[in-house]
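One structure is given here, and the rest of the page talks about it.
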């Protein structure tokens, strides 16, 4: 991926979610659940800065208020998708929470129910 210090831990977290897997459409690193992308990690070459795009139906406004958040464009400007280019000292816990929110937004309810603190039924 990239040498950004948050890249490895964030990808590892995403891929540790129930039935998540890595794919590389358009040369990008993405994490999917089923056939749906829940986080785009961007291109894998060193010429592109690290960033991630996540679907945030609950914390969209808060995330968009971050100085390193932008509208992702590419027809993703609707649906509460947010592109984040976090600095190296961005809080890892917060970014993990955003990835989990995105997962919860696209994963089947049966998989969401397997997450800790889930309000779904098992």
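No value in this document is a laboratory result; all are computed from the given coordinates. Everything numeric in this text was worked out from a predicted model, so none of it was measured. In this analysis, Cβ positions are derived from the backbone assuming ideal geometry, glycine residues included, and neighbour counts consider all displayed protein chains.
Annotations for the structure displayed:
- Across the chain, Cα-Cα pairs more than 22 Å apart make up 29 percent of the total.
- Separation in nanometres of the label points that stand 7 Å from Cα toward Cβ, at residue 62 and residue 21: 3.3 nm
- From helices alone, the chain scores -7500 deg cm²/dmol at 222 nm; the rule is -39500 (n - 2.57) for each run of n ≥ 4 DSSP H residues, then divide by the residue total.
- Zone residues, the range 9-49, relative to residue 110, backbone N less than 16 Å from point 7 Å out along Cα-to-Cβ: 18-20, 33-36
- The range 25-74 - Rg and Dmax from Cα coordinates, angstrom: 12.0, 32
- Relative contact order, whole percent, for the range 7-111 stands at 26, derived from Cα pairs under 8 Å and 6 or more residues apart.
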